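S.K.: First the structure, then my questions, so here it is.
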Amino acid sequence: MSRLIYHVDRMLLAGAPVSRWVNILFISIGALGALGLIPGQWLTAVICALLLAGFFWLRRHWRSRDYVRFHATPLPQISPQALVPSDKVPIHATGYFTVEGKNERFTWLQGYFRTFATREHAVICLVQPKLSLLAQWPEKDVGMWYVFFFPRSVRNVRYGTVSYGRKTQPCVAVEHEIHIPKKGRFSRERTLNETVILASDTESDSLKILADLLHDTHAEEEEEEEKPPLPAPEPSPNGQVNVPIGATRRLD
C-alpha cells in the first residue's frame, strides 16, 4: 500500500498529481449521487465521502513516515571500521535530499553510500524518469540528488529493518542536523533534524555502513581520552588561588 500511495502522490497526470485526480473522482461521483443523477443517490454520496476520507488519511499517514515502515533493533556488536574513500556501498535511501539549492523528500532511491577522506558522509542517488500508464514522474525531479553530513552533525544512529511495499531490507537510520540558509526577504535560517534511512540488499552491506558510522564515535571517544588533564590550581602567596586560563569559560 505504501508504494502505491507514494506513486499516487508523486506522479503527474495532465500536469497534476494523480492523488488530485483521485480526489476529484470521489467528489464528482459523490455529487452526482447526491443529485440523483446516478444510482444509489445518498448511499453513493456517503460511500464516496468515506472513501475520500480514508484516502486522505492513508496519504497523510504514509507521508509522515516517508512512505516506509522502520523497525528498530538493538545495535549489532561489531567493531568500528572506516570505509576506504573509494568504497561505494549500494543502497536504497529514503529521506531529505538536496541539489543545487533545491530540496525534496524521496523514498527508496537507488544509489550508494560513501565516506570521503575528510570523513564527510555522502548519499548519492539518481531519480530516473518513470512512466506508468498515462502518469509520469515530474521532470524537475529527474537527476542526481544528495545527502551530505559530517560526524559532528550526527545526532543518533539506529539499526533495524525498513519495509517499502512488499520489500523489507536491513537498514541504518541516521538522524543528522542540517542547516537551511535564508532564502528571500521573509525567510530565516533554520536548523532541522532529519533522518535518512539507508537500506541494503544484504546485511553485510548494512553492517559496513554501521561500522563506518561507529568509527566516528569511537574516534571521538579516543580523542577525549587522549586530552591531557587541566593543571590543578596553584595557591598564591596571598592565599588566593591562581586558576589556569584554560580552565575558565565565559558566562556572558
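S.K.: Report the charge-dipole magnitude of the chain in Debye, nearest 20, computed about the Cα centre from +1 at each Lys and Arg Cβ and -1 at each Asp and Glu Cβ.
M.R.: Its charge dipole is roughly 1540 debye.
S.K.: For helix 18-34, what angle does its Cα long axis make with the longest principal axis of the chain, in degrees from 0 to 90 and rounded to 10?
M.R.: So the inclination is approximately 40 degrees.
S.K.: Okay, next question. Could you give the size of the charge dipole of the range 100-224 about its Cα centre, using +1 on the Cβ of each K and R and -1 on the Cβ of each D and E, expressed in debye and rounded to the nearest 20?
M.R.: Roughly 860 debye for the range 100-224.
S.K.: Work out how much length Leu25 to Ala122 would gain on full extension: take 0.36 nm times their residue separation and subtract the Cα-Cα distance, in nm to one decimal. Can you show the working numbers first?
M.R.: On the way: separation 97, 0.36 × 97 = 34.92 nm, distance 4.21 nm.
Additional length available on full extension: 30.7 nm.
S.K.: I would also like to ask the following. Toward the positive end of the charge dipole of the range 69-226, about the Cα centre and with charges on Cβ (Lys, Arg +1; Asp, Glu -1), which of Gln136, Pro170, Phe70 goes farthest?
M.R.: Projecting each Cα onto the dipole axis, the largest value belongs to Gln136.
S.K.: A follow-up question, please. Could you give the distance between the Cα centres of the range 95-117 and the range 1-70, to the whole Å?
M.R.: After rounding, the separation between the Cα centres reads 30 Å.
S.K.: Tell me the relative contact order for the chain as a rounded percent, counting alpha carbon contacts under 8 Å between residues six or more apart. Walk me through the numbers on the way to the answer.
M.R.: Working: 426 pairs, mean separation 42.5, N = 252.
17 percent.
S.K.: Per DSSP helix of 4 or more residues, -39500 (n - 2.57); summed, then divided by the residues of the chain. What does that give at 222 nm, rounded to the nearest 500? Present the calculation step by step, with values, prior to reporting the outcome.
M.R.: On the way: 4 runs with 72 residues, N = 252.
Counting only the DSSP helices, I get -9500 deg cm²/dmol.
S.K.: Hey, another quick one. Filter the cross-link list Lys167/Lys208; Lys140/Lys183; Lys130/Lys182; Lys140/Lys167; Lys130/Lys208; Lys102/Lys130 down to pairs whose alpha-carbon distance in this structure exceeds 25 Å.
M.R.: Distance filter (> 25 Å) returns Lys130/Lys182; Lys140/Lys167; Lys130/Lys208.
S.K.: Within 10 Å, count the other beta carbons around each residue, average over each peptide in 67-80, 158-171, 203-216, 20-33, and list them highest first.
M.R.: For the peptides 67-80, 158-171, 203-216, 20-33, the packing ranking is 203-216, 158-171, 20-33, 67-80.
S.K.: To the nearest 0.05, how large is the calculated FRET efficiency for Leu43 and Leu12 if R₀ is 35 Å and r is the Cβ-Cβ distance?
M.R.: For R0 = 35 Å, the calculated efficiency reads 0.60.
S.K.: A further question follows. Would you indicate which of [x] 39; [y] 30; [z] 53 is the value of percent of Cα pairs over 34 Å apart derived from the coordinates of this structure?
M.R.: Evaluating percent of Cα pairs over 34 Å apart on these atoms matches [x].
S.K.: Sticking with this one: Scan the range 76-155 for GluC sites (Glu not before Pro) in coil per DSSP, keeping those whose Cβ has at most 15 other Cβ atoms within 10 Å, and list them by number.
M.R.: Hits after loop and neighbour filter: Glu100, Glu120.
S.K.: Now for a different question. Under the 0.36 nm per residue contour assumption, what length would be gained going from the current alpha-carbon distance of Gln110 and Lys130 to full extension?
M.R.: 5.9 nm
Throughout, read-outs are computed from the coordinates displayed, never taken from laboratory work. Not measured: the values here are computed from a predicted model. Positions of Cβ are generated from backbone atoms using ideal geometry, with glycine treated the same way; all protein chains shown enter the neighbour counts.
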